[in-house]
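What follows is a short report on a single structure.
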There are 2 protein chains.
Amino acid sequence: MKLSEARQQFINSWGAFGTQWGINRTMAQIHALLLVSIDPITQDDIMEQLSISRGNVNMNIRDLIGWGLVERVILAGERKEYFTAEKDIWKVATQIIKERKKRELDPMIKLLSQLENIEDKKDKETKQFTEMIGSIKKMGTQADRVLDVMIKAEENWFTGSVLKMFK
Amino acid sequence: MKLSEARQQFINSWGAFGTQWGINRTMAQIHALLLVSIDPITQDDIMEQLSISRGNVNMNIRDLIGWGLVERVILAGERKEYFTAEKDIWKVATQIIKERKKRELDPMIKLLSQLENIEDKKDKETKQFTEMIGSIKKMGTQADRVLDVMIKAEENWFTGSVLKMFK
DNA sequence: TTAATCTTTCAATATATTTTGAAAGTTCAG
DNA sequence: CTGAACTTTCAAAATATATTGAAAGATTAA
């Protein structure tokens, strides 16, 4: 396989993979392109390489910056803005976990807490409902804690010694 | 808050939550409804409670069965099929992890392995590309292993003692 | 075997999401 | 200032995804 071919396949597949996880295909493709671009690139580079419009690049780049995965870079003596992605894949994963936790897990736990406050707790059906909500909430808070620790542990996450502890 | 209100809010929110994770809103809602329905229910019950068509219920139920989260139940002396969801939330989580791993992580690792086979490995750009692919693949395989262990460990996943080992 | 009951399928339709591109906004060199 | 270079916005268009419902298929009681 040739490099150009492999690059293209990586970008396409990363996009397809992203959609399965609720991530906009183009956003994932831009991220992939930036991951395999050693030097910073411009909006025009991205437009050209992915055959997408200026507006599309602009919006998705903004989102990626919001996710903390991409940075604006100003090159001395250049008028245009350049962009570059965090290349340390462990930091990338940590950042994604951190953001999804904040945007999705935390609000879900908050909601579940509200749903536990139901009138007439002695009622059998109410009790069963509250138990289900409680167990989902417990799972959520436990996951929340584990993820917090993972975020702090950074690159040491998945090393052998940690892995053994699960067994 | 009243039980009926809380139930409805749970179902709606679970649907919204699902879409963020690449899961069809209706499928997530049906799952939520089944989670809070102690006894098995029929297609007609689901149609009525969620105000959706027969075909929609049928397809999404089939998917949920494919995910191993819902089961068909035949009640003695009844013509209709009933459905029920796994209620142990830890088993639910395990099952979802298992399926997503199989459907998404495993194929991604396979793809990355293919992308590592590039001609002219001495070329500087090729080397940088291969390094990036390699590090993503490594992250994937490590995650794969951890998830395998988690799946086996079942309910003991997140207990305090395991958590400490991360620190 | 029949026909009533229940389930599945899938083309058409509806809905939701993404993308475009031109206009408006911003920045800055001269 | 001015206007060229660049960035951002957002309504309209395109695309992708989900839903409907009627017809076909399957099952079973009588």
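The values are calculated or read from the model by the stated rules, or taken from the named source; none is laboratory data. These numbers were taken from a predicted model, which means no experiment stands behind them. Quick reminder, even Gly has a Cβ in these numbers, built from the backbone with ideal geometry, and neighbours come from all protein chains shown. Each accessible area value is taken on the protein alone, full model and side chains, heavy atoms only, with ligands, DNA and RNA left out. Shrake-Rupley method; radii C 1.70, N 1.55, O 1.52, S 1.80 Å.
What to note about this one:
- The condition of being basic (Lys, Arg), away from DNA strand D (no atom under 16 Å from the Cβ) and within 15 Å of the chain's Cα centre (by Cα) holds for only one of A:Arg100, A:Arg145, A:Arg62, that being A:Arg100.
- Filter result for B:Arg25 (open to solvent by 20 Å² or more (accessible area, probe 1.4 Å), within 14 Å of the chain's Cα centre (by Cα), near DNA strand D (Cβ under 10 Å from one of its atoms) and charged (D, E, K, R)): yes
- Flag for B:Lys127 being open to solvent by 30 Å² or more (accessible area, probe 1.4 Å), modelled with pLDDT under 90 and either in a helix (DSSP H, G or I) or not hydroxyl-bearing (Ser, Thr, Tyr) (or both): no
- Only one of A:Ile52, A:Ile46 that is out of contact with any Asp or Glu (no Cβ under 7 Å at 6 or more places or on another chain), buried (at least 19 other Cβ atoms within 10 Å of the Cβ) and farther than 30 Å from A:Val146 by Cβ: A:Ile46
- Positions within segment B:106-124 being more than 11 Å from every other protein chain (Cβ to nearest Cβ), open to solvent by less than 90 Å² (accessible area, probe 1.4 Å) and assigned to a loop (DSSP other than H, G, I, E, B), in sequence order: none
- Any pair with Cβ under 9 angstrom, 6 or more apart, that starts in segment A:40-53 at a residue that is within 14 Å of chain B (Cβ to nearest Cβ) and on the phi > 0 side of the Ramachandran plot and ends at one that is part of a helix (DSSP H, G or I) and within 13 Å of DNA strand C (Cβ to nearest atom): none
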